[in-house]
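K.L.:
Dropping the structure in here first, questions after.
Here, each number is a calculation from the coordinates, and none is a lab measurement. Values in this document were obtained by computation on a predicted structure and should not be read as measured data.
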Amino acid sequence: MRKYRRWVQVFILIAIFVVGGLTLADNLFREDTVPKEGSKAPNFTLPGLNEQEYELSDYKGKIVVLNFWGTYCPPCVEEMPLIQNYYEKYADKNVEILAINENDPLVSVKAFVRQYKLTFPVLLDKDIVRREYGVLNYPTTIFINENGKIEVIFEGAMDEAFLSSTLAAMASS
C-alpha cells in the first residue's frame, strides 16, 4: 500500500511539472507572436449579433477601433455610452467601431445592447480573436490605422479626452 501511494505522489509531481512547463512555454512563445503597436493587425472573421459576418480586412482604408469587452465588466459598461457617442460622431467619417464580446451568453449580450441602445457592430468571439490579439484584460481597445497597422493598444476604460485625441491624431495622419 505504501509503495502504491509513493507512485501516486511521484506521478502527481511529474504531472505538475509537465503542466507547469507547458504553460510557461506557451506563455513565452505567445509573447513573441502577439501583435504589438506598429505591427500588422491579424485578420479575422467573426459573426455579429445581427447574424452578419464581419471580416477585419473588409475595413482596409478605414480607421478601425476594436473594443474587447464583457457584460460582466464594470469598466466596459462604463465606457459603452462614450463609444456609442463616438460611433455616431464619426459615422460619416472614415472610422469603424467593432465591439468584440468575449463568451457572454447570447441572451446577455442582446439584453446589454438593447439596454444601452448600442448601434455599432457587436461581434461574438469564442476566445479565438482575443487570444490571437493577446488580450488579457477587459476592456482592451486596439486602434488600427487605414493601412491595417496597430497604432495604439489601450487597456482599461477610455475617457473622452483619450478617445477624442487618439481618433483625431489618427485621422490627421
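K.L.:
What residue among 106, 66, 13 shows peak mean-square fluctuation when the chain is described by a Gaussian network model with Cα springs under 10 Å?
P.N.:
It is 13.
K.L.:
Output the relative contact order of region 85-173, whole-number percent, from Cα pairs under 8 angstrom with separation of 6+ residues.
P.N.:
After rounding, I find 20 percent.
K.L.:
While we're looking at this one, here's another question. Could you check what % of the DSSP bridge pairs in the chain are antiparallel, to the nearest 5? Mind dumping the intermediate values first?
P.N.:
Working: 15 of 26 bridges.
Antiparallel: roughly 60 percent of the beta bridges in the chain.
K.L.:
If you don't mind, another one. With only alpha-carbon pairs counted, each pair once and no self-pairs, how large is the Kirkwood hydrodynamic radius of region 55-125 in angstroms?
P.N.:
This gives a value of 12.6 Å.
K.L.:
Taking only the alpha-carbon positions of the chain and ignoring solvent, what does the Debye formula give for the base-10 log of I(q)/I(0) at q = 0.16 Å⁻¹?
P.N.:
-0.94
K.L.:
Residue by residue through region 51-59, what is 3J(HN,Hα) from phi via Karplus (6.51 cos²θ - 1.76 cosθ + 1.60, θ = phi - 60°)? Round to whole Hz and write x for glycine and proline.
P.N.:
With the stated coefficients, region 51-59 comes to 6, 8, 8, 10, 10, 4, 4, 5, 9 Hz.
K.L.:
Still on this structure: Show that you can apply the helix-only estimate: for the chain, add -39,500 (n - 2.57) for every DSSP H stretch of four or more residues, divide by all residues, and state [θ] at 222 nm to the nearest 500.
P.N.:
The per-residue figure over the chain is -14500 deg cm²/dmol.
K.L.:
Calculate the length of the line joining the C-alpha centroid of region 76-105 to that of region 127-145, in whole Å.
P.N.:
The distance from the Cα centre of region 76-105 to that of region 127-145 comes to 14 Å.
K.L.:
Before anything else, pin down the relative contact order of the chain: Cα pairs under 8 Å, at least 6 apart, normalised by residue count, whole percent. Walk me through the intermediate numbers first.
P.N.:
Details: 240 pairs, mean separation 50.2, N = 173.
Relative contact order of the chain: 29 percent.
K.L.:
While we're looking at this one, here's another question. When the chain is fully extended, how far beyond the present Cα-Cα distance does residue 155 get from residue 108, taking 0.36 nm per residue of separation?
P.N.:
14.6 nm
K.L.:
Using 0.36 nm per residue of separation minus the Cα-Cα distance, give me the extension gain between residue 7 and residue 43 in nm, one decimal.
P.N.:
So the chain would gain 8.1 nm between residue 7 and residue 43.
K.L.:
To continue, here is another question. Pairs of lysines 8 or more apart, or on different chains, with alpha carbons under 20 Å: count those in the chain, would you?
P.N.:
Total qualifying Lys-Lys pairs in the chain comes to 14.
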